[in-house]
1. Give me the Debye-computed log₁₀ of I(q)/I(0) at q = 0.16, 0.17, 0.20, 0.29 Å⁻¹ for segment 1-67, equal point scatterers on Cα only, no solvent, two decimals.
2. Could you tell me the distance between the Cα centroids of segment 139-197 and segment 48-79, to the nearest Å?
3. With every protein chain left in place, what is the accessible area per residue of segment 124-252 in square angstrom, probe 1.4 Å?
4. Counting only the backbone N, which residues of segment 101-137 are under 15 Å from the spot 7 Å out from the Cα of Tyr28 toward its beta-carbon?
5. I'd like to know which of Ile36, Asn158, Val252 lies farthest towards the positive end of the charge dipole of the chain, counting +1 on Cβ of Lys and Arg and -1 on Cβ of Asp and Glu.
6. Obtain the radius of gyration and the Kirkwood radius of segment 232-296 from its C-alpha atoms and give Rg over Rh.
7. When a/c reaches 1.5 or more, the comparison of a/b and b/c decides; with that in mind, is segment 84-138 rounded, prolate or oblate per its Cα gyration tensor?
8. Just the accessible area per residue of segment 1-59, please: how many Å² with a 1.4 Å probe?
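The values are calculated or read from the model by the stated rules, or taken from the named source; none is laboratory data. Nothing here was measured: the structure is a model prediction, and the numbers come from that model. Backbone-built Cβ (ideal geometry, glycine too); neighbour counts: all protein chains shown. Please note that ligands, DNA and RNA were not included when accessible areas were found on the heavy atoms of the full protein model with its side chains. Shrake-Rupley method; radii C 1.70, N 1.55, O 1.52, S 1.80 Å.
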Amino acid sequence: MGLWIYLNGEYVSEEEAKISVFDHGFLYGDGVFEGIRAYGGKVFKLEEHLKRLYDSARAIALKIPLSKEEMKGKVLETLRRNKLKDAYIRLVVSRGKGDLGLDPLKCPHPEVIIIAHKISIYPKELYEKGLEVVVVSTRRNIPSALDPCVKSLNYLNNILAKIEANYKGVPEAIMLNKDGYVAECTGDNVFIVKNKVLITPPTWVGILKGITRDVVIHLARKEGISVREEVFTPAELYASDECFLTGTAAEVIPVTRVDGRIIGEGKVGEITKKLIRQFRRLTQTEGTPIYESQGG
Ligand code: PXG
């Protein structure tokens, strides 16, 4: 049995879920998206993801043809139609069909697509051993050109960085901003620990304000760990005691090697371990229920 996809007000089969070759999301990357997770029948941080989607849309002057409340209903219904409890949800709003020119005024009907699918995650051993990453030469988009806080369909900047990581044979790339400060990864935010202080780049550096990032900052403060949003350089990253990445797909994942330098002792640090534990606990307990009664 295939998937049921929400496409502009209807639930259609995977085979029927088609968009026009004149869609500006396809032609120009003109649109916005979200990636959301459901754990054990509950959607994690749904309101926060919807808020970011609508903020991203506003930033690019894209009017989403559904209210946030309606969108929430459609996300939950898509999960129910696919009988999913643990899932990855991809919400896409594109500018819609226009002509071959750039002009968004020629696109009167934005397209809304919701795909709910089984999740594919990093292998379990990487959470125990940690990832190897590299700092790549592709710089993160400058905010004055295309602000990384907008989760737009234009991900070529990140894909170019991912190509560099692939070429080096590692699963993730650390991107710097134009001034050489650590910004973020291709689909994750970055944290380091130095002298028991948790440090992550501030949003003005030019990063996506990750929802997992916000959750981790909150969890750390609750644990009594001091957290600072501060810039740091690759050299400071190499000399850190611990390093991890955060994202909806990866959750909290340790990094133990950067550009061949061993981080800390080369094993997953204590603060990282604690935050992985606390984050997992939260995903199991909090969230918007998909099914009214969780019994059946
Ligand atoms: N930075 C960027 C550039 C992202 O795209 C994050 C950080 C983490 O944000 P959240 O809110 O998820 O904590 C993202 C998230 C995927 C995938 O399937 C993930 C993202 C984008 C595209 C694909 O792994 N992004």
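1. Per q value, in the given order, log10 I(q)/I(0) is -0.76, -0.85, -1.11, -1.21.
2. 25
3. 43
4. Within reach of a label on Tyr28: 101-111.
5. Val252
6. Rg/Rh for segment 232-296 comes to 1.18.
7. oblate
8. That works out to 47 Å² for each residue.
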